[in-house]
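Engineer: Quick one: the structure is below, questions incoming.
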Amino acid sequence: MCGIVGILGTKPVAVDLVDALRRLEYRGYDSAGVATVENGHLERRRAEGKLRNLSERLTREPLNGLAGIGHTRWATHGAPSERNAHPHMSENVSVVHNGIIENFRELKDELMRAGAVFASDTDTEVIAHLISYEMRKGADPVAATKNALARLRGAFALAIIFAGHDNLMIGAREGSPLAVGHGDGQMYLGSDAIALAPFTDQITYLDEGDWAILTREGVEIRDRQGRRVDRPKVTSQASGFLVDKGNHRHFMLKEIHEQPEVISHTLSNYMDMASGRVRFPDLGIDLAKVSRVTISACGTAYYAGLVAKYWLERYARIPVEIDVASELRYREAPLPENGLAVFVSQSGETADTLATLRYCKAAGQTIASVVNVRSSTIARESHVVLPTLAGPEIGVASTKAFTCQLAALACLALAMARARGQLSDERERELVKALLEVPRHMSTLLRDERRYDELAHWMSKSRDVLYLGRGLSYPLALEGALKLKEISYIHAEGYAAGEMKHGPIALIDENVPVVVVAPEDDLFEKTVSNMQEVAARGGRIVLVSNADPESIGCPVAAHVRMPQVHPFVSPIVYALPMQLIAYHTAVLMGTDVDQPRNLAKSVTVE
Ligand code: F6R
């Protein structure tokens, strides 16, 4: 994780560095810092906590250098303190880093034996000392960096500046994304094009193993072997405007409210409205001949994939394997011939998902990715991209990206079902119609948020909360629990309702709210039996359902009344109460809803 930026400018760059970091804060917000080359030597300012602390520090103690680097941190090695904040420095080198240096201990021992004095607990600091060490042996900054890079193991995106070199900045990429920005007599480095959007839309993405030597006159890119390489310059579509909260108190709430619109956009990308049929991009593979679908993702995106498994199996009658990316890549799972592998990611940069994508690609799978950021690494490495049109998601807890992922995956399931002869025209129109009604149902639900007030009061006093669901509602139970825990810090767990009696039932007493996701579908009666088991043990049921609470034959402590929706689309519509229960509970508890502790929006470490 972490966001990095670098500027070779024509006026003092510190303010622009902070502006770029603001766009990268989604990558981490434990601490931030900038360093510039000032009168030939290196100067830096760092601050613990949010970026505004660094801004205030720079107002009190400005930096005037025209060449500089900046960093916003998500702590890996070392506590989130000022001493561990980037940039890290040796006597003549300053570096910002996104990633993890796996062999930093052995390098640190070696450098300490050679006399280096370390001032932080980070893995990053070894990079600065290693380059200085090479320079002490007589190498110039470029050769010293080349030698140092060859010794690093792990994942990194780096931006490096040097004392005495006001017109030089070096970037390097191995496992973490890095973009070069081309200006007019100015050059830039950034973790993504969004960071650089106010300065330039002319972007070159570095490939794995590339490193780039920047001066104000341009860039020279070399590959891992040191050979000069050409990488294309593209025009980025990233907007230079910082997205604002509008009239909403938090980005998360704004993004929840955007869902009817962005789901419509996403659906219209995959549908022919006139004929009421799915219109899907060519995946470069005959869908009728796909032998198995493998889905992988992390967190909320994984739960979207889990819903897709139920859809693909039920409607397209195709076997689906799914696992979280951090497991699938190491299981050495055998992958079939003619397999389609689907990766789901809002950011398109999640390290585990990317590594699993590469594993599946090497095993000959056709790679499709459902991503929200079109220029992301996952999108660029896929054979086919299925975009979600959610727009920038700023709140760390994923909301609109999740429901847009579901919308795109529902269309994939229908396209596969049709290709495999499992879907009549009439049935397809029925399911497409159900999808097209989702935005309207969501708009109606969003008109009345007061109903969450009382529930949130009660939830905010709980220590533990259980979420239960069956079938398509099971992934929603998992998602509801994740949303609640990540932003309110209340312990919450999601279970398949039928699994409760195999263990979790021991937790139930009158203090544990049990949120039951229960649309009236073909599994409803079974879920009712599970609710009765909860009630018999004094558990307090929060029923999220279109069914009348009286009909379930046991006491219900709270009811979130849902509209009658087609069972096919219930996971999309029922995502909304999961988000709103978590949001209103967190607001009452006074947590940092948009930037909850310990988290980051883009998880680029394993
Ligand atoms: C939870 C959340 C995370 C992400 C996960 C994957 O609200 O946002 O669980 O879903 O980190 O991120 P992406 O989708 O960017 O790959």
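Engineer: How many of the residues making up the stretch 317-350 are surrounded by fewer than 24 Cβ atoms within 10 Å (Cβ to Cβ) and either within 14 Å of the ligand (Cβ to nearest atom) or not β-branched (Val, Ile, Thr) (or both)?
Structural biologist: Of the residues in that region, 18 qualify.
Engineer: Taking the condition of being within 16 Å of the ligand (Cβ to nearest atom) and out of contact with any helix residue (DSSP H, G or I) (no Cβ under 8 Å at 6 or more places or on another chain), how many residues in the stretch 279-316 meet it?
Structural biologist: Summing the residues that are within 16 Å of the ligand (Cβ to nearest atom) and out of contact with any helix residue (DSSP H, G or I) (no Cβ under 8 Å at 6 or more places or on another chain) in the stretch 279-316 gives 0.
Engineer: Need pairs with beta-carbon distance below 6 Å; first residue of a type outside the set (Phe, Trp, Tyr) and at pLDDT below 95 and within the stretch 468-497, second within 15 Å of the ligand (Cβ to nearest atom) and outside any strand (DSSP E or B); sequence gap 6+ or separate chains.
Structural biologist: Qualifying pairs under 6 Å: none.
Engineer: Mind checking which strands (runs of 3 or more DSSP E) fall wholly inside the stretch 148-191 and carry at least 3 residues that are in the same structural domain as residue 135 (by TED's automatic domain parsing) and under 17 Å from residue 11 (Cα atoms)?
Structural biologist: Fully inside the stretch 148-191 and qualifying: 165-174, 187-190.
Engineer: Here's something else I'd like to know. Go through the stretch 286-316 residue by residue and tally those that are surrounded by 23 or more Cβ atoms within 10 Å (Cβ to Cβ) and basic (Lys, Arg).
Structural biologist: 0
Engineer: Name every residue in the stretch 60-77 that is modelled with pLDDT under 90 and either among the polar types (S, T, N, Q) or under 18 Å from the mean Cα position of the chain (by Cα) (or both), in order of residue number.
Structural biologist: Those that are modelled with pLDDT under 90 and either among the polar types (S, T, N, Q) or under 18 Å from the mean Cα position of the chain (by Cα) (or both): 73, 74, 75, 76.
Engineer: If I filter the stretch 430-476 down to residues being over 14 Å from residue 562 (Cβ atoms) and basic (Lys, Arg), which single residue comes out as surrounded by the most Cβ atoms within 10 Å (Cβ to Cβ)?
Structural biologist: 470
Engineer: State all residues of the stretch 559-606 that are of a type in the set (D, E, K, R) and within 20 Å of the chain's Cα centre (by Cα); if no residue qualifies, say none.
Structural biologist: Residues satisfying the conditions are 592, 594, 597, 601, 606.
Engineer: Turning to a different aspect of this structure: Answer yes or no as to whether residue 36 is over 24 Å from residue 603 (Cα atoms) and in the same structural domain as residue 135 (by TED's automatic domain parsing).
Structural biologist: Answer is yes for this residue.
Engineer: Oh, and also: Could you list all residues from the stretch 3-38 that are of a type in the set (Lys, Arg), crowded, with 24+ Cβ neighbours inside 10 Å and out of contact with any helix residue (DSSP H, G or I) (no Cβ under 7 Å at 6 or more places or on another chain)?
Structural biologist: 27
The values are calculated or read from the model by the stated rules, or taken from the named source; none is laboratory data. Source: prediction; values computed, not measured. Using ideal geometry, Cβ is built from the backbone for each residue, glycine included, and neighbour counts are taken over all protein chains shown.
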